[in-house]
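Supplied in structure tokens, the structure appears directly below.
The values are calculated or read from the model by the stated rules, or taken from the named source; none is laboratory data. All of these numbers come straight from a predicted model, not from anything done at the bench. Neighbour counts run over all protein chains shown; Cβ positions are idealised from the backbone, glycine included. Calculation scope for accessible area: heavy atoms of the full protein, side chains included, ligands and nucleic acids excluded. Shrake-Rupley method; radii C 1.70, N 1.55, O 1.52, S 1.80 Å.
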Amino acid sequence: QVQLVESGGGLVQAGGSLRLSCAASEITFSRLGIGWFRQAPGKEREFVATISSRGGVVYSSDSVKGRFAISRDNGKATAYLQMNSLNADDTAVYYCGASWLLTPRSAREVNYWGQGTQVTVSS
């Protein structure tokens, strides 16, 4: 069972930046695709960004493209989401998900979830 722990969320002003981290408990981390997802109150969990097991393939949603960047360090069993130019629409709980698929882009494709970290952007 892979355990994921997110950190780095918080309150930030519009236009600011945050970096989220997702630390895994298993050495199998390097074999898993990683996705970041977010869920705002009353909305479904939506895809944000994904990265393949070795980091060679990345995708981002149109809503964050050019502002957010996903990366990973398999030596540290940790994935990251660098978020820049934040706005109020980015306010949500952010979840890290690990999958045996190459680049998970749907919540249904995730095998393991973290507990989530709250990101709040004040305008």
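Residues to consider are Gly55, Gly75; find the one that is on the phi > 0 side of the Ramachandran plot and open to solvent by 20 Å² or more (accessible area, probe 1.4 Å). Give the steps one after another, and end with the answer.
On the way: Gly75 fails: on the phi > 0 side of the Ramachandran plot.
Answer to the selection: Gly55.
Let me ask something else about it. So which residues in the stretch 5-38 are among the β-branched types (Val, Ile, Thr), surrounded by 13 or more Cβ atoms within 10 Å (Cβ to Cβ) and closer than 26 Å to Trp100 by Cα, if there are any at all? First the steps, then the outcome.
In the first step, residues of the stretch 5-38 are kept if they are among the β-branched types (Val, Ile, Thr); the result is 5, 12, 27-28, 34.
Cutting the leftovers down to surrounded by 13 or more Cβ atoms within 10 Å (Cβ to Cβ) gives us 5, 12, 28, 34.
Scanning the stretch 5-38 gives Val5, Thr28, Ile34.
Exactly one of these conditions fails for Leu81: (1) more than 13 Å from Val119 (Cβ to Cβ); (2) in a strand (DSSP E or B); (3) touching a Phe, Trp or Tyr at 6+ places or on another chain (Cβ under 8 Å). Give me its number.
Leu81 satisfies all of (1) more than 13 Å from Val119 (Cβ to Cβ); (2) in a strand (DSSP E or B); (3) touching a Phe, Trp or Tyr at 6+ places or on another chain (Cβ under 8 Å) except (1).
Specify which of the listed residues (Ile27, Ile70) is within 10 Å of the chain's Cα centre (by Cα) and in contact (Cβ under 8 Å) with a residue 12 or more places away in the chain.
On the way: Ile27 fails: within 10 Å of the chain's Cα centre (by Cα).
None of the other options fit; the residue is Ile70.
Still on this structure, I have one more. Note down all Cβ pairs under 6 Å where the first residue falls in the stretch 31-58 and is part of a loop (DSSP other than H, G, I, E, B), the second is open to solvent by 30 Å² or more (accessible area, probe 1.4 Å), and they're at least six residues apart or on different chains.
Arg45/Gln39; Arg45/Ala107; Ser52/Leu102; Ser53/Arg31; Gly55/Arg72
Quickly run through the stretch 62-72 and pick out the residues that are open to solvent by less than 30 Å² (accessible area, probe 1.4 Å) and over 19 Å from Val121 (Cα atoms).
Going residue by residue through the stretch 62-72, those that are open to solvent by less than 30 Å² (accessible area, probe 1.4 Å) are 64, 68, 70.
Result: Ile70, single match.
Right, another one. Give the residues of the stretch 82-110 that are touching a Gly at 6+ places or on another chain (Cβ under 8 Å), under 19 Å from Ser52 (Cβ atoms) and not β-branched (Val, Ile, Thr), sorted by residue number.
If the condition is that a residue be touching a Gly at 6+ places or on another chain (Cβ under 8 Å), under 19 Å from Ser52 (Cβ atoms) and not β-branched (Val, Ile, Thr), then Tyr95, Cys96, Gly97, Ala98, Ser99, Trp100, Leu101, Leu102, Pro104, Arg105, Ala107, Glu109 are the ones that fit.
Are any of the residues in the stretch 89-96 charged (D, E, K, R), within 21 Å of Gln3 (Cβ to Cβ) and either crowded, with 19+ Cβ neighbours inside 10 Å or under 12 Å from the mean Cα position of the chain (by Cα) (or both)? Give the steps one after another, and end with the answer.
The initial filter retains those residues of the stretch 89-96 that are charged (D, E, K, R), namely 89-90.
Checking the rest, the ones that are also within 21 Å of Gln3 (Cβ to Cβ) come to none.
No, that holds for no residue.
Going by the conditions given, is Tyr94 outside any loop (DSSP other than H, G, I, E, B), more than 21 Å from Val121 (Cβ to Cβ) and of a type in the set (Phe, Trp, Tyr)?
For Tyr94, the condition - outside any loop (DSSP other than H, G, I, E, B), more than 21 Å from Val121 (Cβ to Cβ) and of a type in the set (Phe, Trp, Tyr) - is not met.
Separate question: Output the number of residues of the stretch 97-115 satisfying the condition of being out of contact with any helix residue (DSSP H, G or I) (no Cβ under 7 Å at 6 or more places or on another chain) and either open to solvent by 30 Å² or more (accessible area, probe 1.4 Å) or of a type in the set (S, T, N, Q) (or both).
12
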